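Colleague: Dropping the structure in here first, questions after.
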Amino acid sequence: MPKNTFFDVIVAGAGPAGSTCATLLVQYGYRVLILEKNRHPRFHIGESMLPMAEPIMQRLKINWNEGNLRKGGAKFMDEQQGKSSYFPFQGKYSTVQVERSVFDQRLFENGISQGVVAHQQEGVIDMQSDAEKVLVKTSKRSYEGRYFIDATGRSAIMGRFKQSLEPIKTLGKFAVYQHYQLDDNLITAELFHNGHIEIILSELGWFWCIPLTKQRLSIGLVVQKENQLNLKGEKLLDYYIKKSPRLTELLANSKTLSKVAVEADFSYLNTQRYGVRYACCGDAAGFLDPVFSSGVFFALKTAEMVADQLHAGLSSGTEANINLHDKDNKTYQTGFQSMYLMIKRFYSSNMVDNLFFEAERAPQVKNEVIALLAGDLWTKNNTFQQGLLSGRQSF
Ligand SMILES: Cc1cc2nc3c(=O)[nH]c(=O)nc-3n(C[C@H](O)[C@H](O)[C@H](O)COP(=O)(O)OP(=O)(O)OC[C@H]3O[C@@H](n4cnc5c(N)ncnc54)[C@H](O)[C@@H]3O)c2cc1C
């Protein structure tokens, strides 16, 4: 195999997970190829970040406070009951709301500047691995390597090859969303000043309301319940926006910046996240309903875990060991399961009413919820999280 088609690691997908994993591996000194089916900049939904991703951004040598709107926390609102609760982030890390096309391109180009070899508009169509090597086939040619990383997002190619994607049906079913250019007035000025995400409860599910730089707003409705009116797409979004006093006031005199888009096929877990000479990270490892904005955080965190563990394997020549990621798998399960259980409670119990709106009365619980909403999922002393994991937490 000629040298320019042999790499230590071949990464499929240049979203946040793939670019992060590739960059960290190049920092360790490996020859890494990243293959992206599309071309940056490309649109992507998922704009609200979590503070605990900041240390990973620091490892990548990216200051995400530059060029993005600072996110102060998360506010949950039930307009019918006139109740709301704000969870401010207060730890040592800060976070932002991002325009994903710009953010993802920045992560990708940052990797290239550190030595990642990148091919765009070259999708992976097959991957075969054995004890000796991996063989990766794309739309253009074949490559050999020591290891393969699946970071293809919800395309989750390894999960599909291995038929190991398990849908989680109890959470949100699909999202319908649009971007707006807001009018400059006192109400919108306050929104951009605070920068927090607003989660507004709706009859069908919930709205995200994410302020971005340049007076732009991302609004999406995540639908969980049947829609008796049988509305679809734009009509569905408009109908429920008009029922929300908060969204109506924010959108007064606004202009739409995009067409209404829909994303379906929601939450799932990939039950086979690694195997002989391959591992999955980001959405390719599992995807959760976005109510607590955990997607990009998990993408960065799983990419970091895979890169660090793979370095241990490659540097000792044990990367073909099928158990290479066993330890990280437990860590992943703790984080994913904690977030999943919190999301499940969001939909199926009165967690928002009984806990979030009552949080002022229980400062310790409030702080523990804030820690989870920040992505601080691996401390030993969060009793709220322990209650979730042990099934004791009811609401
Ligand atoms: C409606 C909705 C709202 C969301 N809101 C939020 C939010 O507010 N905050 C948040 O953190 N997350 C949110 N998310 C989740 C977030 O978007 C994802 O978790 C995140 O993008 C995962 O990053 P990734 O790198 O794993 O995958 P992606 O960002 O999807 O990147 C995967 C890349 O792989 C490429 N690819 C696919 N197939 C192939 C192939 N065969 N070969 C080569 N390349 C391939 C794709 O083109 C893409 O560039 C939301 C998701 C949805 C659906």
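Every number in this text was worked out from the coordinates using simple rules, so none of it is lab data. Keep in mind that what you see is a predicted model, and the values were worked out from it rather than measured. So basically every Cβ, Gly included, is an ideal-geometry build from the backbone, and we count neighbours across all protein chains shown.
Colleague: Between residue 163 and residue 125, what FRET efficiency follows from the Cβ-Cβ distance if R0 is 22 Å, with the result rounded to 0.05?
Modeller: With R0 = 22 Å, the Cβ-Cβ based efficiency is 0.85.
Colleague: Which order do peptides 331-339, 167-175 fall in by mean Cβ count within 10 Å, highest first?
Modeller: Top of the packing list down: 331-339, 167-175.
Colleague: Would you mind checking 37/344; 75/330; 173/301; 169/255; 37/133 for any pair whose Cα atoms are more than 28 angstrom apart?
Modeller: As for pairs spanning more than 28 Å Cα to Cα, those are 37/344; 75/330; 169/255.
Colleague: Would you mind checking the stretch 247-273 for residues with the amide N under 16 Å from a putative spin-label position 7 Å along Cα→C-beta of residue 227?
Modeller: Under 16 Å, as judged by backbone N against the label point of residue 227, lie 259-266 of the stretch 247-273.
Colleague: So who's got an amide H within less than 5 Å of the one on residue 196, skipping anything under 5 residues away but keeping other chains? H placed 1.01 Å off N, in plane.
Modeller: Amide H neighbours of residue 196, under 5 Å, 5+ apart: 72, 73.
Colleague: Okay, next question. Work out how far the C-alpha atoms of the chain reach from end to end along every principal axis, then list the three figures in whole Å, largest first.
Modeller: Result, largest extent first: 65, 46, 41 Å.
Colleague: Before rounding to the nearest 500, sum -39500 (n - 2.57) across all DSSP H runs of length at least 4 in the chain and divide by the residue total; then give [θ] at 222 nm in deg cm²/dmol.
Modeller: When only DSSP H runs of four or more count, the value is -10000 deg cm²/dmol.
Colleague: Follow-up question, since we're still on this one. Please build a GNM for the chain, connecting alpha carbons under 10 Å apart, and tell me which residue among 284, 189, 74 fluctuates the most.
Modeller: 189
Colleague: Taking the mean number of other Cβ atoms within 10 Å as a proxy for protection, how do you rank 137-146, 265-274 from highest to lowest?
Modeller: Top to bottom by mean Cβ count within 10 Å: 265-274, 137-146.
Colleague: Would you kindly state how much longer the chain becomes between residue 248 and residue 189 on full extension, computed as 0.36 nm times their sequence separation minus their alpha carbon distance, in nm to one decimal?
Modeller: 19.7 nm
Colleague: Give, in nm to one decimal, the length gained when the segment between residue 383 and residue 367 is fully stretched (0.36 nm per residue of separation minus the Cα-Cα distance).
Modeller: So the chain would gain 4.7 nm between residue 383 and residue 367.
Colleague: Of the listed peptides 86-92, 32-38, 47-53, 10-16, what is their order by residue-averaged count of other C-beta atoms within 10 Å, with the highest listed first?
Modeller: 10-16, 47-53, 32-38, 86-92
Colleague: Give me the one-decimal Kirkwood hydrodynamic radius in Å for the stretch 174-263, with the sum taken over alpha-carbon pairs.
Modeller: Every distinct Cα pair counted, the radius reaches 13.2 Å.
Colleague: So, R0 is 22 Å and r is the distance between the beta-carbons of residue 63 and residue 43; what FRET efficiency does that work out to, to 0.05?
Modeller: Efficiency, rounded to the nearest 0.05: 0.40.
Colleague: OK, next. Can you give me the span-like helices of the chain, meaning DSSP H runs with 27 Å or more of Cα extent along the axis and Kyte-Doolittle mean at or above 0.5?
Modeller: The answer, listed by residue number, is 295-316.
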